[in-house]
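S.K.: Have a look at this one before I ask anything.
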Amino acid sequence: MTPQHGMYAPDGKYIQGELKQYGDLAALLAEGSVALYAESDRDKMIFGSAVNVQKAGQRQDMLIVIVEYPLRSFGSSAVREFFRTVRTVTADAKYTILSIGNDASFFRSIDSDDWECSASSLSAGRSTIPSRQPNDDGILQYLVGRIVAQKPAYATTKRMACSASLVSRILESMQPILYLGYRFAVGRDIVDRKNPFDLWVLPIKPFGQKVADLDSGIIDVPEKSFYQRSGEMAVLVNKELQSTRNRPSISSKEEYHREISVAVRRKMNSTQRVEYHRALERENIPLKIKISIDDAVRTTVESADRSYLERYLSSAFDIGDFERCVYKLPAEEFLRFFKTAKPVLVKLDESTKRSILQRLSSYAKELQDVERDIRGRYEVTPRNGVYAAPITDNPHAVPIQPNSGKDPSPNPHSNDFDSTLKIKKLLPIIAIAGLVIVGIVAAISFGLPTSILGAASEGSQQVSHISDDGGAELLINGSSLPDGVADTVRLRIYSEGEFGDPAWTTYNDKYYAIEPENLAFPPEAKLVFILNESQPEQLFVGHTTDLSYSWLRVDSEIEGQNVTIHIRESGMYALFLENMDGNSTAAVNQTFLSAGSTQGLI
């Protein structure tokens, strides 16, 4: 039985058939000389074709034939059956088909084995075309991958049979999810640019578009492997969907893409998953995928990229997973992680900070205890003129007095001397590791009760203060200040702009005030502006301390993406932009000062 169809003139005027509602679609297909159009929804497949025809004794004309099929009856031969229907209904209307897609021989391929895009059929009469399979799995997977990612896919070929065969294969591979709604077309020109089709197959590469060329087999797209990986997985998933009964249906294209992405990432290692995420970002694909702690930690350690850690901590933090991943790292990577992650960790809420600090503090204390115990028992440098006993298995070793007439140094040829050298090398490593962790603990714990820290911060002289927005960090030597003063130091943010007119343009309209006023830092303190700025060299720091807000420029250093200054006094500090119209030599008191200098202040 012939399925329902409609026949239309190029302007969309209905001519005959059961389907009378597709006049707008018919006019659109005529505009682009669309030889094959396929559209799916939850209930049906719609096929259309603009056909060049002629009646006996009349001029050549174009007819648009549109046919509907129930989606449940859609099969692998649907495209061929559609074109046979086109031939039947036009013949019944006394029309002779001249060509489809400017291919007068197209219908011969419908009835022969020449339907598929074989290398031999493509090369027939075209000796310049390489002998290769143009619609091989690589191109098919690439195009399906783009369709899955909801990115318009473009392919080119000069042979109509090859175009139709490609669409047929893609429809077949996507059959279980066609109900989500897709549009495919083979035509001369692109139409409906504001609402692009999922797939366009054209004879000539459209301007400004990256394409997969079926005739040469070349995919002119930098991220082709990214899409091929998704397309390959989609084909496998669709086969599973087709063979699985009573499976809950996927409700949207977004959900389908997410399921494919999860399946792809499941077969990747951490490095591959990170590159996959970056490809999503490069291709501007707004797919929300849960970041794993393994990926977040790996990118932090290997490439100093904190963005994935921020996303993980803001969406799915779990202290058990965090400790499992972080505390199994080798020592060097462990320290590198915390040093790199510090700007992110200091911004965490109090509850998350407590969870992380609980175990990190114990690590710091244990390292300090180990270093102290080793140094106490096996001191290898003289104290008060007395050398400690060399390393030995004898617990009753007695210190040697320098006036005893014996050589106080260990015998360089003895095993004890070799052990001593090993301890000499080990002690600084343990001490440095302990201090680094203590510093990190101090930075992360700013604003938390000191009881959380336990003994980890005992003996630590460096005190860290972080601004509420996490944009600046002040590091001071607490032991150099009078008792209790270090606890009163604060780094406050002001953004009202009521601080005089520095005649400079601020970087972020934020002013950081170190309080209390008139506080001197005998050893220089360190003020770090924590940024995510690709060109920090275009920034400079201004400083003021007096009520007239006379601003002075301060020497700064670039540390990665951060801007650092060394200061000797409290006051107001802010970041300004270089090379702005207002940042000229006419700025107020723009004497270039060395770090921490008060010269020129009123």
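S.K.: Report the Cα centroid-to-centroid distance between the range 51-70 and the range 210-239 in angstrom, as an integer.
M.R.: Using only Cα atoms to place each centre, the spacing works out to 35 Å.
S.K.: If we sort 201-208, 165-172 on the protection proxy, mean other Cβ atoms within 10 Å, highest first, what's the order? Could you put the intermediate results ahead of the total?
M.R.: On the way: 201-208: 14.4, 165-172: 21.9.
Listed from highest to lowest mean packing, they are 165-172, 201-208.
S.K.: Just order 271-283, 322-334 by mean Cβ neighbour count inside 10 Å, highest at the front, would you?
M.R.: On the way: 271-283: 16.1, 322-334: 14.2.
Highest-to-lowest ranking by the protection proxy: 271-283, 322-334.
S.K.: Tally up the carbon and sulfur contribution to the accessible surface of the range 184-277 as a whole percent, 1.4 Å probe, everything protein left in place.
M.R.: Working: 2490 of 5130 Å².
Carbon with sulfur: 48 percent of the solvent-accessible area.
S.K.: With 21 Å as the limit, write out which pairs from K158/K205; K13/K94; K210/K267 have Cα-Cα distances beyond it, or answer none.
M.R.: Values: K158/K205 10 Å; K13/K94 18 Å; K210/K267 28 Å.
The pairs that break the limit, which is 21 Å between Cα atoms, are K210/K267.
S.K.: Please compute the net charge surrounding F184, taking Lys and Arg as +1 and Asp and Glu as -1 over other residues with Cβ under 10 Å from its Cβ. Spell out each step's value before the answer.
M.R.: Values: positive: R183; negative: E39, D198.
Once positives and negatives cancel, what remains is -1.
S.K.: Sticking with this structure for a sec: Using the beta-carbon distance between S351 and D469 and R0 = 25 Å, what value does 1/(1 + (r/R0)^6) give for FRET efficiency, to the nearest 0.05? Kindly include the intermediate steps, with their values, before the conclusion.
M.R.: Working: r = 19 Å, r/R0 = 0.76.
After rounding, the FRET efficiency stands at 0.85.
S.K.: With label points built 7 Å along Cα→Cβ from the Cα atoms of S303 and R193, find their separation and express it in nm.
M.R.: 3.4 nm
S.K.: Take the alpha carbon gyration tensor of the range 263-348, find the square roots of its eigenvalues, order them as a ≥ b ≥ c, and report rounded if a/c is under 1.5; if not, report prolate when a/b exceeds b/c, else oblate.
M.R.: In terms of gyration-tensor shape, prolate.
S.K.: Shape of the range 197-312 from its Cα gyration tensor (a ≥ b ≥ c, root eigenvalues): rounded if a/c is under 1.5, otherwise prolate when a/b > b/c, or oblate? List each step's numbers first, then the result.
M.R.: Numbers: a/c = 2.22, a/b = 1.25, b/c = 1.78.
Since a/c reaches 1.5 but b/c is at least a/b, the shape of the range 197-312 is classed as oblate.
S.K.: Next up: Residue by residue through the range 531-541, what is 3J(HN,Hα) from phi via Karplus (6.51 cos²θ - 1.76 cosθ + 1.60, θ = phi - 60°)? Round to whole Hz and write x for glycine and proline.
M.R.: Coupling constants for the range 531-541: 10, 10, 10, 6, 10, x, 5, 8, 10, 9, 10 Hz.
S.K.: Suppose the chain between E537 and T244 were pulled fully straight at 0.36 nm per residue; how much longer would it get relative to their current alpha carbon spacing? Show your work: numbers first, answer last.
M.R.: On the way: separation 293, 0.36 × 293 = 105.48 nm, distance 5.87 nm.
That works out to 99.6 nm of additional length.
S.K.: Here's a follow-up. To the nearest Å, what is the center-to-center distance of the range 177-199 and the range 258-279, using C-alpha atoms only?
M.R.: If we compute the Cα centre of each part, the gap is 27 Å.
S.K.: Describe numerically, in nm with one decimal, the distance between label points set 7 Å from Cα along Cα→Cβ at I204 and at M268.
M.R.: 3.8 nm
S.K.: Sort the range 37-104 into rounded, prolate or oblate with this rule: let a ≥ b ≥ c be the square roots of the eigenvalues of the Cα gyration tensor; rounded if a/c is under 1.5, and if a/c is not under 1.5, prolate when a/b is larger than b/c, oblate otherwise. All intermediate terms of the calculation are to be shown ahead of the outcome.
M.R.: Details: a/c = 2.56, a/b = 2.40, b/c = 1.06.
Prolate, since a/c reaches 1.5 and a/b exceeds b/c.
S.K.: Here's a follow-up. Which trypsin sites (Lys or Arg not before Pro) in the range 219-272 sit in a loop by DSSP (not H, G, I, E or B) and have at most 10 other Cβ atoms within 10 Å of their own Cβ? Walk me through the intermediate numbers first.
M.R.: Values: sites: K224, R229, K239, R245, K253, R258, R265, R266, K267; in loops: R245, K267.
Of the trypsin sites (Lys or Arg not before Pro), the ones in loops of the range 219-272 whose Cβ has at most 10 other Cβ atoms within 10 Å are R245, K267.
S.K.: Taking the simple approach of a point 7 Å from Cα along Cα-to-Cβ for both R490 and E517, what is their distance in nm?
M.R.: 1.5 nm
S.K.: Follow-up. DSSP loop trypsin sites (Lys or Arg not before Pro) in the range 31-74 with at most 11 other Cβ atoms within 10 Å of their Cβ, which ones?
M.R.: Values: sites: R42, K44, K55, R59, R72; in loops: R42, K55, R59.
Passing sites in the range 31-74 are R42, R59.
The values are calculated or read from the model by the stated rules, or taken from the named source; none is laboratory data. Remember, predicted model here, so these are calculated numbers, not experimental data. No Cβ is skipped: glycine too gets one built from the backbone with ideal geometry, and neighbour counts run over all protein chains shown. When the accessible area is computed, the model is the full protein with side chains, heavy atoms only, and any ligands, DNA or RNA have been set aside. Shrake-Rupley method; radii C 1.70, N 1.55, O 1.52, S 1.80 Å.
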